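Here is the structure we will look at, set down as structure tokens.
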Amino acid sequence: MAYLKKKSMEFLKTFDVPSKNPSEDAQRRWREAVGTLVKNRRRRFRMVPDLDKRSQAETQRRNIQEKLRVALYVQKAALQFIDAARRTEHPLPELARQCGFSISAEELASLVRGKDSKSLRLHKGVDGLARKVNVSLADGIKSDDVGLRTEVYGANQYAEKPPRTFWMFLWDACQDMTLMLLAFCAVVSVAIGVATEGFPGGMYDGVGIMLTIFLVVAITAASDYKQSLQFRDLDREKKKIEIQVTRDRFRQKVSIYDIVVGDIVHLSIGDQVPADGLFVDGYSFVVDESSLSGESEPVHVSTTNRFLLGGTKVQDGSARMLVTAVGMRTEWGNLMETLSQGGEDETPLQVKLNGVATIIGKIGLAFAVLTFTVLMARFLYGKAGSPGGLLEWGMEDALSVLNFFAVAVTIIVVAVPEGLPLAVTLSLAFAMKKLMQERALVRHLSACETMGSASCICTDKTGTLTTNHMVVEKVWAAGGATTVSTAKGFEELTSSALSEGFAKLLLEGVFQCSGSEVVRGKDGTTTVMGTPTETAILEFGLGVEKRTCIEHAAAAKLRVEPFNSVKKTMGVVVTSPSAGGRPRAYLKGASEVVLRKCSNVVVDRHGSIVSLTEKNYGKQVAGAIDTFACEALRTLCLAYQDVGGEGELPADGYTLIAVFGIKDPLRPGVREAVATCHAAGINVRMVTGDNISTAKAIARECGILTEEGVAIEGPDFRQMSPDQMRSIIPKIQERTHQSLFLLNFVAERWCRW
């Protein structure tokens, strides 16, 4: 049966003739021939589409195509007309023409804001725009032209909302519903008291309530206004961010507010783009535009997509940018102009107290109405039995009714807790003052209550617990470890451990495999521009150059993979002078990552290379890394490998050059602050991406990690089953005096539980 089925399929394949797309006339002739053989019309054409309908559909399709073609031509012409109108809408101001510029600020801003690639091509790309704003992409602008460019193209400052006045805070403080009810009761109390008891004896109760309201409003408004003034000064200092630019042929740091159109800005991972601009050159440059567009997907910026918007964040890579718009002409400036500050939510304590006050007020109002109703009913009943009845009313009757109303108001006044807002305000103001004495500035009084509920503090290490001023403390190179933080140790390294060839290899790796740069100023001084870690290694390289009189040779970079927190490495491929101009790859990064990619190691000052598996050299290197880490030193490895003509970074097979132990001293008072938190019942947890041994050592030095403390790495935590995670987390939470220390990549997973 299967054989017959197979044969039938092969037989049918011979009749699988592709369609020849016959014409309509041929199909009509075929139908006429079939019609002579099959007389039943329904059977004759039941599987064949009607030719007349097919002809109508084809004609309709051609008409639609023609209409679309005409519409596209019209749209294209309209867009060209709009572009021409836009160009006429941005005439060049006379001041810009006199200053040597050939493009207006509005046209520059609209080009980048609209990501107009066509206009960019019309201006002959970045080079053409650079000529129109009179700047060299290599040398940058001249410092003497900053004022002129600010006058023509504007300053990099955003329009801020005017500060709130004291009267605004006073008005906000008066919006409390309890205070409004008390104010109404105070007015009624004064009116009734004066009417019944005379002046001034009848107004004491009402005036007392008014005085309480005044104190509550005045203290709240004064405290908030004072904090707003202090925070304005704090925000002004916080926004003084420095960014690297090229001016007068030198790379230097300037304030973000001093950026002008034409500046060449250097951007790297973590930087915020200071203004709108165009990508000049760079490596693996990725930005996060979610703050502007709301899109979570990162945007790759390159020569095919050069547009950079101010306010976005550099997620990966490094680049140079030509600034084209600053201040309110940027996309971020337009967004900031439309934003308005929203109101603040009440704290849990305020919500509960307001709820209690409202409930008590409603109960008091109900009893007041009931009391007034009973008194009035009793009065009217007695009045009805009198000789005059309900029709005769005198002054005594009016005073009696007024006295009933006074009793009702008294019940409301007594029921509403008028001292509650004052007590809360005074206590929070006292807490704010105490926090200010501890150098903790609080913007709003309610934040004191919120912080009082904190039971755990998760803190970063670098820059928070430490000073973020790093220096190379120890180096493992040429088969041995040396302390280089002292002059004697540095001399020992350069004299005994480094030959000329090995020194050139080390220096080339230090200076070429780096995202930072050594800049020589106008006065001849040398400055390192970059991150603290890169600065520490480059300063070490400068020290080696100074003591060995061997300068690193310039090398052309063929490929660069910048450092990021995921790979924990950075790599570069250069045409190495020490390798005879052949491509050489250098790799630098976290010691545990780089060491896994190494197969060999340089073991002596002459540059001898042996396998890591020989004579336990691998264990020696791992032991040196552990020793550095136990001394609270950050460890980085530097390795190299000669590559082929492709210039690609190898995945493994590197030769280890050196291991750096970098010291990042603790901030003064950190240990005391951690002890204070522990005494207050607050757990302190350190979250870092450092080596586990380094992190443990620093955590112990801070007093975060105790002898009974728990330290866990992300990979170990991720390998646990959900049941294991559920079992270990309650165990840690029960031991409230234990400190927990997590790595960066486990923090998010931890928070889910």
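The values are calculated or read from the model by the stated rules, or taken from the named source; none is laboratory data. Note that the structure is a prediction, hence the values are computed from the model and not measured. No Cβ is skipped: glycine too gets one built from the backbone with ideal geometry, and neighbour counts run over all protein chains shown.
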Open item on the list: Name the single residue that is farthest from K567 (Cα to Cα) among those in the range 639-696 being in a helix (DSSP H, G or I) and without any contact (Cβ under 8 Å) to a residue 40 or more places away in the chain.
Closed with: A679
- [ ] Identify, from the list L595, L633, L587, the residue that is touching a Lys or Arg at 6+ places or on another chain (Cβ under 7 Å) and modelled with pLDDT of 90 or more.
- [x] L587
- [ ] From S291, S223, grab the single residue that is modelled with pLDDT under 80 and surrounded by 20 or more Cβ atoms within 10 Å (Cβ to Cβ).
- [x] S223
Task: Hits in the range 123-141 (condition: without any contact (Cβ under 8 Å) to a residue 60 or more places away in the chain and closer than 21 Å to P93 by Cα) - done: H123, G128, R131, K132
Open item on the list: Please determine whether any residue of the range 173-182 is farther than 30 Å from S302 by Cβ, polar (S, T, N, Q) and crowded, with 20+ Cβ neighbours inside 10 Å.
Closed with: yes
Open item on the list: It is to be established whether one or more residues within the range 527-548 are more than 27 Å from the chain's Cα centre (by Cα) and either in a loop (DSSP other than H, G, I, E, B) or closer than 15 Å to T655 by Cα (or both).
Closed with: no
- [ ] Specify the residue that is modelled with the highest pLDDT; the eligible residues are those in the range 239-256 that are of a type outside the set (V, I, T) and buried (at least 17 other Cβ atoms within 10 Å of the Cβ).
- [x] R247
TODO: Output the number of residues of the range 596-630 satisfying the condition of being surrounded by fewer than 16 Cβ atoms within 10 Å (Cβ to Cβ), farther than 22 Å from T569 by Cβ and in contact with a helix residue (DSSP H, G or I) (Cβ under 8 Å, 6 or more places away or on another chain).
DONE: 3
- [ ] Taking only the range 111-132 into account, find how many residues are in contact with a Phe, Trp or Tyr (Cβ under 6 Å, 6 or more places away or on another chain) and buried (at least 20 other Cβ atoms within 10 Å of the Cβ).
- [x] 1
Task: Failed item, numbered, when Y204 is tested on (1) in contact (Cβ under 8 Å) with a residue 60 or more places away in the chain; (2) in a helix (DSSP H, G or I); (3) out of contact with any strand residue (DSSP E or B) (no Cβ under 9 Å at 6 or more places or on another chain) - done: (1)
Open item on the list: Please go through the range 145-166 and give me each residue that is over 26 Å from E331 (Cβ atoms) and either modelled with pLDDT of 90 or more or outside any helix (DSSP H, G or I) (or both), ordered by number.
Closed with: R164, T165
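Table: residues versus (1) buried (at least 16 other Cβ atoms within 10 Å of the Cβ); (2) over 16 Å from K546 (Cβ atoms); (3) without any contact (Cβ under 8 Å) to a residue 12 or more places away in the chain.
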position	(1), (2), (3)
M470	yes, yes, no
E473	yes, yes, no
A477	yes, yes, no
K488	no, no, yes
E491	no, no, no
L498	yes, no, no
TODO: Hey, can you tell me all the residues within the range 461-485 that are assigned to a loop (DSSP other than H, G, I, E, B) and not hydrophobic (A, V, I, L, M, F, W, C)?
DONE: K461, T462, G463, T464, T467, N468, H469, G479, S485
Task: Selection count, the range 184-208, where residues are over 60 Å from the mean Cα position of the chain (by Cα) and among the polar types (S, T, N, Q) - done: 1
TODO: Quick one: in the range 546-562, of everything that is modelled with pLDDT of 80 or more and of a type outside the set (A, V, I, L, M), which residue is surrounded by the most Cβ atoms within 10 Å (Cβ to Cβ)?
DONE: P562
- [ ] Could you list, in sequence order, all residues of the range 331-385 that are loosely packed, with under 15 Cβ neighbours inside 10 Å, at pLDDT 75 or above and either acidic (D, E) or more than 56 Å from the chain's Cα centre (by Cα) (or both)?
- [x] V369, L370, T373, V374, A377, R378, L380, Y381, G382, A384
